[in-house]
């Protein structure tokens, strides 16, 4: 049975159903409904909700819970995620699984509380220090907010790596019917976890390597893991791409707007299609390269000044002209403006 929920609430409930029993965070608009929901929900299942004194404290609490082998969640937005970056780097270096949610708002600086997609670079390039990667999932509906939360916990455990869910303020606040996933059993402690229990193998979780050869060896191990993730976990969705001559690339809310524009363009005789990355890292370079083989142009639509478009250009390798349309600072693209861009790029031959 479907339930009408906000996107933020869907993340909270899906986390509980995925076996998460620990949340550490700090309120910031537009994600505050996640901690608000979990403050009520986690005690019902014997879990722990703790509002920390700061984002820095919260991410280090996540570090501790993850090190003990628990399924743990934190959430924030823009400025709060920036404050968490040092801790995220430590967690990635220690190979600890956790899930981080960023419900994006406009920036830079304090910016505003309206929706944005301007944290793409921070999420996909690693906002903290060192050679590390996060798996980054980009939902485009409230249903996917729930589904990708469950997937995030599974991927985090499978690869012992933090997973970031990158949504925006509109997705966090909008309400849609959601079919919630089945409840999973709370997972038992991992054999690598540091629990303080007697009669277990002594485990030490460490990110300090004073010998440069040891640090290089650790980094090589991490890069091998990231290569495996890139080979196995790249995800994308295609819409009307079979004969598309104008390919629109977008994620999250921008993809929903682009889909409406593509349907209108099709009605006008333009063969347009949508390519939607679901994993922003690993980015679906090969899938986009293949899908755009018959295209005459590719248009990237973002709620930013242009960030994902750089990955799109890398995927295209100069074979196809790459265009960009974006709004920033909390402004949402209008589907009519996207449609106008498709018409402009399509030219007189309607993309045929």
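Scanning region 239-257 for residues being touching a residue at least 40 places away in the same chain (Cβ under 8 Å) and either in a loop (DSSP other than H, G, I, E, B) or assigned by TED's automatic domain parsing to the domain that holds residue 95 (or both) gives a total of 6.
The strands (runs of 3 or more DSSP E) located wholly in region 95-203 include none with 3 or more residues which are farther than 24 Å from residue 37 by Cβ and modelled with pLDDT under 95. Scanning region 257-269 for residues that are over 20 Å from the mean Cα position of the chain (by Cα) and buried (at least 23 other Cβ atoms within 10 Å of the Cβ) returns 261, 262, 265.
What do you reckon, is residue 333 more than 20 Å from residue 117 (Cβ to Cβ), touching a strand residue (DSSP E or B) at 6+ places or on another chain (Cβ under 8 Å), surrounded by fewer than 22 Cβ atoms within 10 Å (Cβ to Cβ) and not assigned by TED's automatic domain parsing to the domain that holds residue 135? No.
Among the residues examined, residue 269 qualifies as closer than 26 Å to residue 321 by Cβ and assigned to a loop (DSSP other than H, G, I, E, B). Do we have residue 344 as over 30 Å from residue 135 (Cα atoms), touching a strand residue (DSSP E or B) at 6+ places or on another chain (Cβ under 8 Å) and outside any loop (DSSP other than H, G, I, E, B) here? Criteria not met by residue 344.
Between 52, 58, 39, which is assigned by TED's automatic domain parsing to the domain that holds residue 101 and either crowded, with 20+ Cβ neighbours inside 10 Å or under 15 Å from residue 99 (Cα atoms) (or both)? None of the other options fit; the residue is 58.
The values are calculated or read from the model by the stated rules, or taken from the named source; none is laboratory data. Note that the structure is predicted; figures quoted are calculated from it, not measured. Neighbour counts are summed over all protein chains in view; Cβ atoms, including those assigned to glycine, are modelled from backbone coordinates with ideal geometry.
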